[in-house]
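First comes the structure, then the notes that go with it.
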Amino acid sequence: MGSTSKRPTWKPRALIVLCHFDETHHLNGRRDYAPQGVGHAFLAGAFDPDKVNVRIYSEFHSGPLHDESLMGWPDLLVLTGVTSSFDRMRQLTAYVRSKSPGVAVVAGGPAVRSLPTLSAQVFDYACQGDIEELCDVVDAIFGPGYTDTPMLPRFDLLTWKSRINYVESSRYCNFSCSFCALTAEQRKYQSYDLDYIEAQIRSYPSRNYLLFIDNNFYGNNSSAFLAKIDLLERLWRENLFPGWVALVTNDFFAHPQNLQRVRKAGCLGLFSGLESFNAEKLKQYHKKQNLVVPQVETIRNCLSAGVVYQYGMIFDLGTQRIDEIRKELEFVIGCHEIPLPAFLSLTIPLLRTPYFNECLEQRRFLPLVKLRDMDGYTLVTKPLNSMEKAVPFVRDIATLRGYGRSVLAHCYSFYRAYNSSLSKPQMINLLANGVRLCVPQIIHDHSRLRFSQRKGERLTYVTTTQPLGPLYRPKFRLASHFRSHFEPTLITDERGELHDSVADDLAPDVLPSSMTAGAQGAGRHRLLQTKQEP
Ligand code: B12
Ligand code: SF4
């Protein structure tokens, strides 16, 4: 932790930003995308609303923060975001320090956890813990009396118009897939107290669909799971929401009664990290939970039970040939019993994961890998195929470009197969996904503006040559010592070896500091009476 200390004699102002780089270099934000990140609303719960003025901003939703008056507003800046948004956190730090001299900057989340040494050099407080750690930081900066107990998310500050209310019922995951950021962090799976879940749901002012953003809504304790479903059924019957969707791991489907139970409790859809139909690949990913039940049968059973099934697929061009991947895609598009994937992306070697270490050891990284390009849509490792073949594949991956007719045929047959078991809104949801894949330009998406704003800066889809884009050019004049905040964080050097600037944090023999005792802010868990699993 840093040592910034400020005893306010006025009502202090805290700005919380969910930082984001859009991989398309699109600058308008994705208002119509689900799920939205809600980390900023959770963090806002740390402050006593009577004692601190709090404002939140999501760059994923509303586009890059450019409002200079807002940059000049806070006494405290809190930053969160996915790993690839680290540079954006650095940029905002420079902007806000420049406009609000004396501001304290607090950052946390996966990027800060993966790069603790580097983060400590940039931010005043580089948090390794959970959201509750923010209360300790606020105490340290403003003194006692400015935090709120219990710490409830401030969904009332979300200004977006949405038909979805986001809720979280657990933290982390009890599996350890080789590519997953949570595997790198090694935190224990935690289910939240039912009162806390209910309080989140009731705190929303409007009746909307519920989306659980949990990594693993099912968890590893069936009685805790069933108690949660009982709660949801009670609240659903109370008409608090029209239905709910959640993300479950594949072991959920090993018990057929689970499907009936969630359906009866108002579940409309489930998302599962299917990742691949290739069993060998799943083993390599250490995703053994996906090998327990046959995949197509699982999906069919789910849809026939009246529950939408959605999934994502990932591809590793460093170990899979494009022909092999195309066969898998053709299998999916040709199989009318299953919906099309909700998203397709490259497998990302997220920092400190086993997959990251493997790429490092096997020298699979490309030269000059930039952290901001670890977004799933830019090549950061050497492909098995030639670059000439790999690049167009990467360019088209998100949208199934080239499969338009087959996708439409798939949608038609899928509609006929499940028209009787799925409701109209459920069917529309799944078919809209097919349309998005076929005609992506009608929805804000990957094919739209796949180039940065300045002429001559077309995306190359290869990290070594990918233009940095407009956000790396400061919006206004900054003091020269802020210049380094606009240089990209490099993960590899010109030879593809670990870059010196991150070696202290990422060399395979470095013990992740996230594993150190007490790093989870445990003292501040209030309503989070976590049930430790056996
Ligand atoms: C909504 C969401 C998105 C949204 C918005 C992401 C965002 N910026 O928040 C979008 C759609 C953009 C997204 C995209 C992707 N996502 Co996503 N996403 C989520 C999801 C479902 C919810 C995020 C959220 O709001 N969490 C709630 C907050 C409260 O929790 P949290 O962010 O995990 O923060 C915890 C700690 O990190 C810490 N913390 C975080 N910030 C701070 C700040 C301070 C000051 C402190 C003290 C603590 C702290 O406290 C929290 C625990 O108490 C999570 C799963 C999950 N349940 O978190 C995945 C998740 C974050 N996504 C993930 C992945 C893999 C992706 C993609 C790479 C997927 C892909 N292949 O396309 C892309 C990234 C694209 C890109 N451009 O880089 C991974 C991790 C990614 C990473 N580390 O970078 C997760 C964890 C899912 C998973 N298990 O794999 N995602
Ligand atoms: S099941 Fe999902 S959340 Fe859990 S480790 Fe695997 S990828 Fe991560």
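The values are calculated or read from the model by the stated rules, or taken from the named source; none is laboratory data. Keep in mind the model is a prediction, meaning the values are calculated, not measured. With ideal geometry, Cβ positions are generated from the backbone for all residues, glycine too; neighbour counts draw on all protein chains shown. For accessibility, only protein heavy atoms count, side chains too; no ligands or nucleic acids. Shrake-Rupley method; radii C 1.70, N 1.55, O 1.52, S 1.80 Å.
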Self-check item: Net length gained if the chain between V435 and N385 were fully extended (0.36 nm per residue, minus Cα distance)
Solution: 15.0 nm
Quiz item: Net charge near R13, counting Lys/Arg +1 and Asp/Glu -1 over other residues with Cβ under 10 Å of its Cβ?
Solution: +1
Exercise. Calculate, for the chain, the solvent-accessible area per residue in square angstrom, rolling a 1.4 angstrom probe over the heavy atoms of the protein chains.
Key: 41 Å²
Practice problem: Between T117 and D504, with labels modelled 7 Å along Cα→Cβ, what's the label distance in nm to one decimal, could you check? | Solution: 0.6 nm
Exercise. Once you've got the Cα coordinates, tell me which of K283/K389; K188/K228; K11/K99; K327/K370; K51/K161 are over 24 Å apart.
Key: K283/K389; K327/K370; K51/K161
Practice problem: Between A409 and R363, with labels modelled 7 Å along Cα→Cβ, what's the label distance in nm to one decimal, could you check? | Solution: 4.6 nm
Quiz item: Rounded to the nearest 0.05, what FRET efficiency do L226 and K283 have when you use their Cβ-Cβ distance and R0 = 30 Å?
Solution: 0.45
Exercise. Could you please state, rounded to a whole Å, how far the C-alpha centre of segment 180-205 is from the C-alpha centre of segment 348-385?
Key: 30 Å
Practice problem: Name the long-range amide H neighbours of T147: under 5 Å, sequence gap of 5 or more, or other chain; modelled H, no Pro or chain starts. | Solution: D48
Practice problem: With a point put 7 Å past each Cα toward its Cβ, work out how far R321 is from E337 in nm, to one decimal. | Solution: 2.9 nm
Quiz item: Ranked highest first by the average count of other Cβ atoms within 10 Å around their residues, in what order do 73-82, 219-228 fall?
Solution: 73-82, 219-228
Exercise. Provide the gained length on full extension for the span A34 to S203, in nm with one decimal, where the gain is 0.36 nm per separating residue minus the Cα-Cα distance.
Key: 58.8 nm
Quiz prompt | Efficiency of FRET between K264 and S484 - r from beta-carbon atoms, R0 41 angstrom, step 0.05 | solution = 0.15
Quiz prompt | Sorted peptide list for 258-265, 500-507, criterion being average Cβ within 10 angstrom, highest first | solution = 258-265, 500-507
Quiz item: Once amide H atoms are placed 1.01 Å from N in the peptide plane, what residues at a sequence separation of 5 or more from A104, or on another chain, have their amide H within under 5 Å of its amide H?
Solution: L76, L77
Quiz item: Tally Lys/Arg at +1 and Asp/Glu at -1 over every other residue whose Cβ is under 11 Å from the Cβ of D48; what's the total?
Solution: 0
Practice problem: May I ask you to compute the full-extension gain from D156 to R458, defined as 0.36 nm times their residue separation minus their alpha-carbon distance, rounded to one decimal in nm? | Solution: 104.8 nm
Exercise. Report the local net charge at S272: Lys and Arg +1, Asp and Glu -1, summed over other residues whose C-beta lies under 14 Å from its C-beta.
Key: -2
Exercise. Quick one: which residues, 5 or more positions from L274 or on another chain, have an amide H under 5 Å from its amide H? H modelled 1.01 Å from N in the peptide plane, none for Pro or chain starts.
Key: G312
Exercise. Please give the peptides 18-25, 329-336, 150-157 ranked by average Cβ packing (other Cβ atoms within 10 Å per residue), highest first, as a rough proxy for protection.
Key: 18-25, 150-157, 329-336
